[in-house]
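The values are calculated or read from the model by the stated rules, or taken from the named source; none is laboratory data. Just so it is clear, the structure is predicted and the values come from calculations on it, not from any experiment. Glycine also receives a Cβ, built like all others from the backbone with ideal geometry; neighbour counts cover every protein chain displayed.
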Amino acid sequence: MNKLSKHGLSLFLAVFLAVVFIASTQRLKPLPRQTVAVEMQVALPLFVQVFMAAGDRHLAANIAAIRALVVSTEKMKPEDYAVLAKVQTDVSWLNPAHEDNYYIAFAILAQYGKVDAAQTILARASRMRFFDYQPAFFYGFNQWYYKHDPAGAAAWLREAALKLPDPDQQLTMQNMAARWVDKVQDTELAIRVVEALAKEARRPDFRKYLETRVVRLRQLQQLRIAAEAYRARFGKPVPDLPTLVTSGILPALPQDPFGFGFGFDQQGNIVLRTSPAPS
């Protein structure tokens, strides 16, 4: 075959392949295509991460933490957050004290439904970062806001308070813990927790304040017991607090030492008011 024939054959093949390529792309163009996401899609096994970091677990933690730090969360799908949670949980195992990791876990994971993963990361950070109050505080917040567990939240706030260097800051945190525990439906548990806070208080004025909160909780307990007695006697929930007196269940309503009084929540439970009742 001479050179002219070879050149013609090559040109023919090139044109033919170009036609096939164009025809194929035109045929595939209307079909749905899967986009290649650059976000969280894969969480590597821990041993692979350590191996790729030349056996340095802290370096492996840094690499994974950077991956979590730079991810564009607004482009992620719901299933991607499960991978992000796994990546960050792995970081907390490789280096529990990693500061960026627990910050991101608190800021992102909990609000996207990965509360358990966030709590695991924060608990590990709190144990390792004995000088840092924030992991315990963030854990308590998640326990209060997402888990609806004010008693558990108050316990974590008390732990956070012990890590604060300033006594006034400690008082603020302990006061917050006392306020959160007010929301516990088990008033006996709430009373025990606030009594423990009062015993730990170093300043007399703050101890007195907490003891007053105990009085208020005992009044709440009295009202709830009376409400149960009313239900047992009349077969229906008490419509308002004065009815506990007019029905003969209580001789008089307790007087809240803070002056806010008591009321009902949306479920009909008697609760502590945190502001004066509307006139």
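Brief remarks on what is shown
- Counting only helices (runs of 4 or more DSSP H) that fall entirely inside region 176-259 and contain at least 2 residues that are touching a strand residue (DSSP E or B) at 6+ places or on another chain (Cβ under 7 Å), of a type in the set (D, E, K, R) and free of Cβ contacts under 8 Å to residues at least 24 places away in the same chain, no element qualifies.
- Residue match in region 89-103 (condition: surrounded by fewer than 18 Cβ atoms within 10 Å (Cβ to Cβ) and within 10 Å of the chain's Cα centre (by Cα)): no
- Within region 137-146, one or more residues are at pLDDT below 90, within 25 Å of PHE264 (Cα to Cα) and outside any helix (DSSP H, G or I).
- Unmet requirement for GLN111, which otherwise passes all of (1) of a type outside the set (A, V, I, L, M, F, W, C); (2) assigned to a helix (DSSP H, G or I); (3) crowded, with 17+ Cβ neighbours inside 10 Å: (3)
- The listed residue being in contact (Cβ under 8 Å) with a residue 12 or more places away in the chain, basic (Lys, Arg) and farther than 28 Å from ASN62 by Cβ, out of ARG124, ARG129, ARG158: ARG158
- For region 167-193, filtering for residues that are over 22 Å from GLY261 (Cβ atoms) and modelled with pLDDT of 85 or more leaves 10.
- Test result for PRO276, part of a loop (DSSP other than H, G, I, E, B), free of Cβ contacts under 8 Å to residues at least 60 places away in the same chain, in contact with a Gly (Cβ under 6 Å, 6 or more places away or on another chain) and of a type outside the set (A, V, I, L, M, F, W, C): no
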